[in-house]
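A short reminder: the numbers here are calculations on the coordinates, not readings from a lab. Please read these numbers as outputs of a predicted model, since none were measured by experiment.
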Amino acid sequence: MKKILAFVMVLCLLCVTAVAEELTWADIEPQLAENGLTGDYVVLEQLGLKIWLPAGLNPAEVSEEDAAGGRLALFIAEDQSAYLAVDAINVGETTIDQLFEQVSNNETVTNAEMMNSNGLSVISYQNTAADCWTGALVDTNSNIIMFSMGPASTEGADLVYSFIMASLQPAE
């Protein structure tokens, strides 16, 4: 019951972003301990971003083939039960609003919302066909940066994903 209540609180905070100017890590971080989650920030130097990852989600080597396809980073659980992939896809002149419209009209996407996380405009959604949660933003080089975490069907994945997306921020 405690996890359900915490999840509802996190979702409420994320939903408030439609009304509020910005969701910040300071709003969410105190809830980590309440949910028994620990982890550390990882700096993605090539993107100039940092993101919180839960303990047990470790860096994995990106194959040459995946790197050629735009994969920038991969983090996998020790038991191979979960992952977070970071990909960059060049989209030309696509804006965040155009991307949101495309995502919202995709029949395999649910829970699509635009949010502002620590000053970054991010689209958050669940892809039911791929069984993953995805956060996407458009960078200054016309790339869509995608943070895909799965499997989304795992109990508690939505809560962990919410914490990860709330942590996304520019590296200092």
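The percentage of C-alpha pairs in the chain whose separation is greater than 20 Å is 50%.
The helix-only estimate of mean residue ellipticity at 222 nm for the chain, built from DSSP H runs of length n ≥ 4 each weighted as -39500 (n - 2.57), is -7500 deg cm²/dmol after division by the residue total. Anisotropy class assigned to the range 120-172 is oblate, per the alpha carbon gyration tensor with a/c at or over the 1.5 cut-off and a/b no larger than b/c.
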